[in-house]
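Here's the structure we're looking at; comments come further down.
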Amino acid sequence: MPILVNLDLLLVKRKMSLTELSERVNLTMSNLSILKQGKAKAIRFSTLEAICRALDCKPGDLLDYEPDTEELKKVG
């Protein structure tokens, strides 16, 4: 998937555990784990806002885009 989630990196930079983030944003560990592993199909803006507030970051710090090499081959 071309959308990358940098949650692990931000947690390390903020010296915060997934458990602490879960408590701060009122999300289950399971849902945060799915997001962290890049397996989420969608994220609500309210959830993104809560995570960004808790980690003092912007959405672009949390999410990144890397084109799929197969898609690039089709276009090029």
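The values are calculated or read from the model by the stated rules, or taken from the named source; none is laboratory data. Keep in mind that this is a model prediction, so the values were computed, not measured. A quick note on method: Cβ atoms are made from the backbone with ideal geometry, for glycine too, and the neighbour counts reach across all protein chains shown.
Residues being part of a helix (DSSP H, G or I) and in contact with a helix residue (DSSP H, G or I) (Cβ under 8 Å, 6 or more places away or on another chain): count how many of those fall in the range 14-49.
Counting residues in the range 14-49 that are part of a helix (DSSP H, G or I) and in contact with a helix residue (DSSP H, G or I) (Cβ under 8 Å, 6 or more places away or on another chain) gives 14.
Could you please find all residues in the range 30-39 being crowded, with 16+ Cβ neighbours inside 10 Å and in contact with a strand residue (DSSP E or B) (Cβ under 9 Å, 6 or more places away or on another chain)?
Leu35, Lys36
Per-residue answers, yes or no, for (1) surrounded by 13 or more Cβ atoms within 10 Å (Cβ to Cβ); (2) in contact with a Cys (Cβ under 7 Å, 6 or more places away or on another chain); (3) modelled with pLDDT under 95:
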residue	(1), (2), (3)
Val12	no, no, no
Glu23	no, no, no
Thr28	no, no, no
Lys41	no, no, yes
Lys58	no, yes, no
Thr69	no, no, yes
Gly76	no, no, yes
